[in-house]
Each structure stands twice: as C-alpha cells, then as structure tokens.
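The values are calculated or read from the model by the stated rules, or taken from the named source; none is laboratory data. Small disclaimer: the values here were computed from a predicted structure and weren't measured. Because the Cβ atoms are built from the backbone with ideal geometry, glycine has one as well, and the counts that use them run over all protein chains shown. Remember, those area values only see protein heavy atoms, side chains included, never the ligands or the DNA or RNA. Shrake-Rupley method; radii C 1.70, N 1.55, O 1.52, S 1.80 Å.
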Protein chains: 2
Amino acid sequence: MSVNPSSLLAALELGGTKTVVATGLPDGTILEEFRFPTTTPDETLDRALAWLEERGVPAAIGIGAFGPIRVNPASADHGCLLNTPKPGWSGFSLIGKIASAMPDVPVRLDTDVNVALWAEAALGAAKGASDAAYITIGTGIGAGILSGGNLVHGAMHPEFGHLKVPTAPGDDFGGVCPFHGNCLEGLASGPAILARWGKPAAELPADHPAWDVEAWYLAHGILALLAILSPTRIIVGGGVSQAAGLHGKISDLLKTVANGYFDKEMLETLVTPPALGQEAGIKGALLLAGGVGAR
Amino acid sequence: MSVNPSSLLAALELGGTKTVVATGLPDGTILEEFRFPTTTPDETLDRALAWLEERGVPAAIGIGAFGPIRVNPASADHGCLLNTPKPGWSGFSLIGKIASAMPDVPVRLDTDVNVALWAEAALGAAKGASDAAYITIGTGIGAGILSGGNLVHGAMHPEFGHLKVPTAPGDDFGGVCPFHGNCLEGLASGPAILARWGKPAAELPADHPAWDVEAWYLAHGILALLAILSPTRIIVGGGVSQAAGLHGKISDLLKTVANGYFDKEMLETLVTPPALGQEAGIKGALLLAGGVGAR
C-alpha cells in the first residue's frame, strides 16, 4: 500500500504488562505493529519511540494508557501517571516524554479502556451505538464509557471496578480489594477468582459454580450502568471474560434482575464479547490520533 | 421590566402531582408563574396552554416532564409518555398537544430531573461543574445527570432509582419496588421509609435510626455515580432529603465507604442540597427554551 507520509499516524497502547506501538491510517488500519513487555517508564518509552522514529514523523500520535492518568488537557499534569501501585510509574509524564522526542507532533491521550471502546464503537461490537461501555475483567476491573457519542472522563476518569454490589446468594468471600474489600473488583477480578476458588479463572471449567457467582457480580455492575447511562451495548472483555458461556450467563441473570424493567429487546442484545480482540486498544489509539470519532 | 416580545420564553414543568407554567427570559429569570395540580393529560395541558396563550406567542417553550417519556428528538414517538402507572398518561403525546396549540413555536423537552440539574448547573449548587448529578428522593428516586457538560439521555433516560446496592448492616426490609423489591428506590424512597418505619419521613426526628439506613443506601448509590461518571457535584434533593443532617450523614458515610479512594478534597464538597429549591425545574425549562447551556 502506498501511503502519503503526511497522513501516517502513530499509536501507542501502554498497558500494565505489555506495550503496543503501531503506524497506521485514520480509519484504524494498522500498517506495522510492535509488541513488547512494559518495564520501567524510560525503558518502555525509549523502546516505543525508537521504533516509531525509524518510521518517520507521524501526523499525530494517539495513546491509550493504563491509569490512573490525568487525561484532562486543561490540567497542569495532563498526561502524568498518578498514584499507581506499579513501581516507578507514579508521577511519570507520559506526554512530556513523547513531546520531547516528537516536539511538533499532536498528542491525543485517553485511558486504555476508553480507546478500546472507541475502536469497538467505530468498527466493532458497539458499532452505531451512542451509549455503550467496555468492561475489562483481568487483574482489575475497569470500564470505558461512551455517553451521547462522547467518551466519559468526568473530573478524573471512571473507576468502574470500585462500585459496590449486593452479595451473591451464599457468597461469604470478603473480597481482595486493598481499599474496599468487596467492591466489584474485589469480588470479581482475576485475583478475586484465584483467592476464592484456589485456581486461576483459566483453569476453572465452564460448569464450575465460580461462573454463576462471577455472572451475578457482573450483572449487578451492568445494572448500575443501565440505571445511570441507559446504554444499548455493553462489551465484556479482558482475560477472565473468555470463559465459555459467561456472556450468556450474565445476560440471563440481568434479565432476571431487571424483572421486566428496562427495554426487553435491548436487554437481549445488550451484553456482548468484544469484536476486535487484542487489536481494540491500538486501533482505538489510531482512531484517536486521526480525530475520527465513534460515530 | 420591559421585555422585547420576541425574546419572551415559555416554560412548563410537568410533575406527577403539580404542574408549573411560566414566562421568562433566556437567563432563567421568571417573569410570571402559575402552579396547579396535575390531573388528566388534556385538562392539565389545556389549563397550561390557556394561561400561556394569554401571554402572547413565546419565542420557544422548554419542558421538563415526569417520565418515562421519549426525549430523543429522532424518535417517532418523541415527546410521548411511555408506560407509566399514572392513569391516563401512557401514550399521551405531550409535544403533539403543545404543537397543535402553538404550531410555530420550537419545543425543547427533557426530563424533570435533567432540567432541574440544568438550572442548578447554570445558576445553583452545581455552578461551574461539567460532571454532576441531581438525585431526587420522594415518591420515587430519580437522577438528572450531566457528563462532560452534556445532559445524559442514553437510549431512553437514566433510571437511577433501579440500581441495586448492598444491604445496610442489620436491615432485613425487603423493599417496596413492584419490579425489584430492594433496588435503591425500593429501599430508600418516601414510600419505603413509610413502609419500613410506619411513619412518613417528615415525621421521623433527626436522631431516628431511619436516617442512618437512608444515608447508607444513598451513599452506595452515589458511589456508583462516582465510579461510573467521576462527577464533582451531587445534589441530593426532593421531599425526603429535607431531613436535618441527612446530607452530612451521606457525606461522612461516603468517605468511609470510599476508604481513601477517590479524591479526598472532592469528596468533602461532593454532596450538597439544591440551591434553587422548588424553582429549579421551571428555571431549567426556561434555560432549555433559551438554548442556554449549563456551562
């Protein structure tokens, strides 16, 4: 493919364990991509920037990053990682580092979950939706949120994993969140599953009772999204979500919990797996770089 | 005050029990106002329209209405009341009725809670906030929501009262919601307080244990708003909210529940009573009519 160099875009997906860097086009097409483990801030960014520099100066760079990170461009610490348990990253200026290497390149930043949702809303499982969420369940639980066609940031950004939900029938597990014990993340994240059942999610068979408990908590978290945002599509992704049948269990339970309230037809199609798989984040960062919206 | 007739605006607040109609200016200034009980759809609207017609043709009319109501202008049933338990109102076309009386007047419609929040965000307790909510606690529980400076509608509109929260310590009350029993509305609305304690909220003294239970449920509902929207201001209003000390109790409990998570300074000032009292709805409808936003 012949690409006009002036329209070449760069994208960076900075995850807690892996980093992806890519070049591509405003429609989300990836031309080249490089994946490597996330280590220290300087080592990780030097590696990403060196790879990008070999490919020429991009028209813009879009970033999806783990958090907490300041995404409000009006803040003095825009693009800085905030108080994160990940060693060495608290206070690191991601945008400062990139701007010093590419001083004239516009930088567009959002959270990892928001860029993944942005891609799914433009090209994937939430295509055409103005109101949607992308929940990821892995080491933690987070959500990217789209309301009226706009990504939700608020004063900081959503911390979906830290809302509280009713205890599942018979569940006496206290939860693993260091702040809240039994918040959604404390009860339903990968580490919560490991602590409750003694095995990681990937080793629990589809008929294990763990999945009914997991579906209970996720259905109640999704009910809060429904009650607050009235979305038409909720994508449930992340490592833990890959268990066979989990989306169906969540959906069935949600219909039971809603008990005739909320639009029945909408509830039938509300909960879905991601369509773009592990490419959602980097494609979303590319769309962000190109200024192309979800709708 | 001399008013250019071409800038005179009309506002209608259609509540479940009372209706308010007013004339005023784009900055929310009310010139004349008329309040009367809500009865049947035709009787109520005829009365409102007759009062307005005596005051000349307005430049536009803004409406805040009880729901569920279709607020999406792109829907075929825009402005229609949906399936409501209020006798005679299901399927009534509020906008159709107004348009037939005032065929050339632009009509701008939102929910009662959204217009109240719109006024509080422009002129009152959420002034300057881009991300805020207005929770009303009365016969039911509802919320108007502002995200990134835009009122949240979603596919339908929020149904905040119907999310589920953890049971308060020692509370074995099953709730009064006909759909969900113990959703937030089922546990903390005016009828829930009456059913649980045998007395209406207005008759329970400030030191009654009812208010600790009430604060528990509201704090957990607000935690969900925090986790999903990252707002800076949550107004708690409506009849039940007028109990002395309730806002302080909610705020203290919220800090305990957040346990060091979320911004501490923000949590100090997050929960507040309304500033505009019973004028919020009609002022918000006037601002909506004038196309004046919250920020």
Let's test this: bin the Cα-Cα distances of the stretch A:180-245 at 10 Å from zero up to the farthest pair and state each bin's percent.
20, 52, 24, 4
Output the pairs from A:199/A:249; A:127/B:127; A:127/A:164; B:97/B:164; B:18/B:255 with a Cα-Cα distance over 32 Å in this structure; if there are none, say none.
A:127/B:127; B:97/B:164; B:18/B:255
What helix-only [θ] at 222 nm does the protein assembly as shown give? Using -39500 (n - 2.57) per DSSP H run of at least 4, over all residues, to the nearest 500, the answer is -10000 deg cm²/dmol
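Could you give the dipole magnitude of the stretch B:125-274 about its Cα centre, charging the beta-carbon of Lys and Arg +1 and that of Asp and Glu -1, in debye to the nearest 20? Each step should come with its number before you reach the end.
Values: 8 positive and 13 negative charges, 40 e Å.
The dipole of the stretch B:125-274 has a size of about 200 debye.
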In nm, to one decimal, how far is the modelled label at residue B:197 from the one at residue A:74, with both set 7 Å along Cα→Cβ?
4.0 nm
How many Cβ atoms of partner chains, on average, are near each residue of B:178-190 if near means within 10 Å of its Cβ?
2
Under a GNM of chain B (C-alpha, springs under 10 Å), which listed residue has the highest mean-square fluctuation: B:117, B:184, B:82?
B:82
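Sort B:185, B:214, A:53 by heavy-atom solvent-accessible area, probe 1.4 angstrom, most to least. Mind showing how you got there, number by number?
Values: B:185 40, B:214 5, A:53 100 Å².
Listed by decreasing accessible area, they come as A:53, B:185, B:214.
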I need two numbers for chain B: Rg to one decimal and Dmax as a whole number, Cα atoms only, in Å.
19.2, 61
Keeping the other protein chains in place, figure out the carbon and sulfur percent of the accessible area of chain A, with a 1.4 Å probe.
53 percent
Mind checking which of B:256, B:136, B:232 has the largest fluctuation in a GNM of chain B, springs on alpha carbons under 10 Å?
B:256
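How many times 2.2 N^0.38 Å is the alpha carbon radius of gyration of the protein assembly as shown?
On the way: Rg = 24.9 Å, N = 590, 2.2 N^0.38 = 24.9 Å.
The reported ratio for this selection is 1.00.
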To the nearest 20 debye, what charge dipole does the protein assembly as shown have about its Cα centre, counting +1 at the Cβ of each Lys and Arg and -1 at the Cβ of each Asp and Glu?
120 debye
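Report D for the stretch B:192-286 in µm² per second (integer): Stokes-Einstein, Kirkwood Rh on Cα pairs, 10 °C, 1.306 mPa s. Numbers along the way, then the final one.
Details: Rh = 14.4 Å.
In µm²/s, the coefficient rounds to 111.
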How well do other chains shield peptide A:128-134, expressed as the mean number of their Cβ atoms within 10 Å of each residue Cβ?
2
Given +1 on the Cβ of Lys and Arg, -1 on the Cβ of Asp and Glu, and no further charges, what dipole in debye does chain A carry about its Cα centre, rounded to the nearest 20?
200 debye
Can you give me the C-alpha center-to-center distance between the stretch A:189-248 and the stretch A:268-285, rounded to a whole angstrom?
16 Å
Note the buried accessible area between A and B here, summed over both chains, with a 1.4 Å probe, in Å² to the nearest 100.
2900 Å²
Nearest 10, in degrees from 0 to 90: the angle of helix B:280-289 to the longest Cα principal axis of chain B is 40 degrees
For chain A, modelled as a GNM with alpha-carbon contacts under 10 angstrom, which of A:259, A:114, A:150 fluctuates the most?
A:259
In nm, one decimal, shortest first: how far is the label point of residue B:242 (7 Å from Cα along Cα to beta carbon) from the matching points in the other copies?
5.8
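Give me Rg/Rg_expected for the stretch B:67-113, where Rg uses Cα atoms only and Rg_expected = 2.2 N^0.38 Å with N residues. Before the final figure, lay out each step's value.
Values: Rg = 10.7 Å, N = 47, 2.2 N^0.38 = 9.5 Å.
It is 1.12.
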What are the distances, in nm and sorted shortest first, from the label point of residue B:36 to the label points of the same position in each other copy, with each label point placed 7 Å from Cα along the Cα-to-Cβ direction?
7.6
Relative to the first principal axis of the alpha-carbon coordinates of chain A, what is the inclination of helix A:246-258, with its axis defined by its Cα atoms, in degrees from 0 to 90 and to the nearest 10?
60 degrees
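With a 1.4 Å probe and every protein chain left in place, work out the accessible area per residue of chain A in Å², rounded to a whole number.
Per residue, chain A has 39 Å² of solvent-accessible surface.
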If I ignore ligands, DNA and RNA and count only protein heavy atoms, how much of residue B:13 is accessible to a 1.4 Å probe, in Å² to the nearest 10?
30 Å²
Give me the Debye-computed log₁₀ of I(q)/I(0) at q = 0.18, 0.21 Å⁻¹ for the stretch A:3-123, equal point scatterers on Cα only, no solvent, two decimals.
-0.94, -1.30
For residue A:100, go 7 angstrom from Cα along the Cα-to-Cβ vector, then report the distances to that same point in the other copies in nm, smallest first.
7.1
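Express the C-alpha Rg of the stretch B:109-170 as a ratio against the empirical globular expectation 2.2 N^0.38 Å, rounded to two decimals. If you can, show how the numbers build up before the last one.
Values: Rg = 12.8 Å, N = 62, 2.2 N^0.38 = 10.6 Å.
The stretch B:109-170 yields a ratio of 1.21.
Could you tell me what a quarter of the Cα convex hull surface of the stretch B:125-274 works out to, in nm² with one decimal place? Display every interim value, and only then the final one.
Numbers: hull surface 34.3 nm².
Seen from a random direction, the Cα hull of the stretch B:125-274 projects 8.6 nm² on average.
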